[in-house]
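Undergrad: Take a look at the following structure, please.
The values are calculated or read from the model by the stated rules, or taken from the named source; none is laboratory data. This one's a predicted model, so the numbers in the text were calculated from it and none came from an experiment. No Cβ is skipped: glycine too gets one built from the backbone with ideal geometry, and neighbour counts run over all protein chains shown.
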Amino acid sequence: MITDLQMTYAAFDLWLSAEGEDNRAELERVKRILPMILEECCTVKQMEYIKLYFIERMSMREIALHCGVNASSVCRGIHCGLDRAYPYLKFCSPLFIKAPQKKEHLRTGRRVRK
């Protein structure tokens, strides 16, 4: 289970990307619903990769070594998990209505196609 401190770190990332308004109440709500959303729409592996990436702050290569898989599998798992979670988050929180679905903060070192 995700601890409150870990959820605070994950929510802090959301706060950094917000528009600067006071959104503490909204972040608290996201902290409460995020574990439920991940459990509902992500596979066990996707949830594990997302938690390691955002909460434990591990790189994709570190996660790959930790789990014994290729880094591309980790990247694909994180992207697919976030793609599955995004519609739920967009529905549950106004923070995600304004947020673009493209996850530019997930850089693997390769150039992004346009």
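Undergrad: Filter the stretch 34-68 for residues that are outside any helix (DSSP H, G or I), at pLDDT 90 or above and exposed (fewer than 15 other Cβ atoms within 10 Å of the Cβ) and give the result.
TA: Selection gives T43, S59, G68.
Undergrad: Is it the case, given these coordinates, that V112 is of a type in the set (V, I, T) and at pLDDT 85 or above?
TA: No; evaluated as a whole, the condition is false for this residue.
Undergrad: Follow-up question, since we're still on this one. For the stretch 1-33, give me the residue count where each residue is of a type in the set (K, R) and modelled with pLDDT under 75.
TA: Residues meeting the conditions: 1.
Undergrad: Something else about it: Run H79 past the list (1) modelled with pLDDT under 65; (2) assigned to a helix (DSSP H, G or I) and report the number of the one that doesn't hold.
TA: All conditions pass for H79, except number (1).
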